[in-house]
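Undergrad: Structure in structure tokens, see below.
We did not get these values from a lab; they are worked out from the coordinates using the rules stated. Quantities reported herein were computed from a predicted structural model and do not represent experimental measurements. Quick reminder, even Gly has a Cβ in these numbers, built from the backbone with ideal geometry, and neighbours come from all protein chains shown.
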Amino acid sequence: MFNKMTVFASFTVAACVAGTAHADGVDFTPYGPGGVQWTVSVPGFVTPFNYGARTAQAYSVPYAAGARGGCFVVSPQLPVSHNDGTGNVFPDFYSTWEAVINKRQTPSAIVFTLQVDIQAANNGPVTTLRRQVSSGQYDFTPIYFPTPDTILYWGDLDSPLANPSVVQAFRVHKDDTIRVSVCDLAPESTIDVRHLVVQTIPDDGQ
Amino acid sequence: MKRLTILGTLGLGLGLGAAPAFADTGNLLVCVDLGFALQRCQLRDVKLADQIVEAGQPYEAQFAVQYDFPCSGHSVQLGVRSADSNKFFTQGATNAVIILNGPADLHPYDPSPSVTSALTFRPGCSLNVRTVTVLPSTGTVQIWTGQAESEARILNLSTNLYLVSKDYQSLSTWNVDKLNLLKAKLESLVAVTPTNLNYKVMLNSVNSALQGQPPSATLDELRRAGEDVIATLRAELVNEVAVAQALVDRFARWQLAANQALTTALAGAGNA
């Protein structure tokens, strides 16, 4: 008999954020020579869909049988004031996923997508990068055998900051603005988005 | 985004004495306010204090700059500059003071504006110079003391010459030092104004006295020459008194103790 698993959100508070987060939910710390690490927390999230709820620690999207389309957690536009360089974006999150799949297959569904929109200076063109986070990256367990050929898997992924598996790297240019979004949550999944982190660092240290 | 408008009151004052030359600049750091951070910051340029100029001559000042620089985020070097001298504020400090010696007007200083504009600071970051106090530097005080002592010697000499010249009718009773003192002065007067016969008459009379001989000039010639020389030396003395008084006034204006040698020399000139 299958008992639906109840997923408890992990409320691990990220420890990397120096200083006190501001009321508007965007904080930063100097990062490398001339670089910046932006950390957007719940008050700074834009949440255009009512898929979840805000808590003090995260925007929590609960289990649902259907997919949650669109970008449901979006950061403010974050400016690049330094010279050309590199950027990294990653979410700090906890997510669960479950699905019935054939015994001979490995879980590899797309659970959600991390999207980065980089807009050039003066309302210039927008470059969009998308990184899909697969259930293959989750720590999953076979729970139940609905039929002789299928398995119900349940898995979770508690992403520490800068988890390489979910980092999106890109080039940045002076006066770009960066917007980070979490999009398209798969059916039978949950996610608690705790922070969205953007690091940019100039090539020349300025 | 909104650009911060700085409405600092620029109460520029003349930097005289130890009183603050400048009070409350308002925020010198002009940034683009993103709400969650400040970027594209520029250091506003204002004259924080005037240089010290006395009688048209610039002198090195000691500027004591009291400031608040509550600011976190990126580290930035901002300071004050007077000509080639500069010193940096301590980021995060409040009610702090830096001392800078320099010969020119005092201004805010950003050695790398392009770097500053690329940095990011937390909301509320600001830089405010509360007061700037201007004093003559130690080197300037030493220079002024030297000038005062030199002027004291010149004034004493001028006083002596004037007193000696007033006694020209007793040339034959003077000692050699006194005669030589007036002789040297008369020689310089003759050299500068060779057409003035009175100077030559008096010089000849002094030379005669040095040789123990009576003057070759008549009594009337000697009287005219003597009065002319007295008038010249009186004019020189009056001029030196004015110079000396200006130096004494300068000490007083900068709240420094007057030079004793100079005040004594002035008193002596006043009695002449």
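Undergrad: Taking the simple approach of a point 7 Å from Cα along Cα-to-Cβ for both residue A:175 and residue B:150, what is their distance in nm?
TA: Once both label points are built, they end up 5.7 nm from each other.
Undergrad: Kindly provide the helix-only [θ] at 222 nm of chain B, computed as the sum of -39,500 (n - 2.57) over DSSP H runs of four or more divided by all residues, to the nearest 500 deg cm²/dmol?
TA: Roughly -14000 deg cm²/dmol at 222 nm, from the helical runs in chain B.
Undergrad: Count, for each residue of B:44-52, the Cβ atoms from other chains sitting within 10 Å of its Cβ, then give me the mean as a whole number.
TA: If you average over the peptide's residues, the count of other-chain Cβ atoms is 0.
Undergrad: Sticking with this structure for a sec: Give me the inter-chain shielding for A:24-31: mean count of other chain Cβ atoms within 10 Å, whole number please.
TA: 4
Undergrad: What angle do you read, to the nearest 10 degrees and between 0 and 90, between the alpha-carbon axis of helix B:197-210 and the longest principal axis of chain B?
TA: Its long axis makes an angle of about 70 degrees.
Undergrad: Let's test the formula: R0 of 51 Å, r as the Cβ-Cβ distance of residue A:149 and residue B:33. What FRET efficiency results, to the nearest 0.05?
TA: It comes to 0.25.
Undergrad: When a footprinting reagent is the concern and you count Cβ atoms within 10 Å, what order do B:131, A:86 take, fewest first?
TA: A:86, B:131
Undergrad: Treat the count of other C-beta atoms within 10 Å as a stand-in for reagent exposure and order A:197, B:192 from fewest to most.
TA: Ascending Cβ contact count within 10 Å gives the list B:192, A:197.
Undergrad: State, to one decimal in nm, how far the label point of residue B:207 lies from the label point of residue B:255, with both points 7 Å from Cα in the Cβ direction.
TA: Label at residue B:207, label at residue B:255, 5.8 nm between them.
Undergrad: Quick check: the angle from helix B:176-192's long axis to the longest principal axis of chain B, C-alpha only, nearest 10 degrees?
TA: That helix lies at roughly 70 degrees to the long axis.
Undergrad: Ranked highest first by the average count of other Cβ atoms within 10 Å around their residues, in what order do A:139-147, B:57-65 fall?
TA: Ranked from most to least packed, the peptides come out as B:57-65, A:139-147.
Undergrad: Could I ask something else about it? Just subtract the alpha-carbon distance of residue B:272 and residue B:94 from 0.36 nm times their residue separation and send over the number in nm, one decimal.
TA: That works out to 58.4 nm of additional length.
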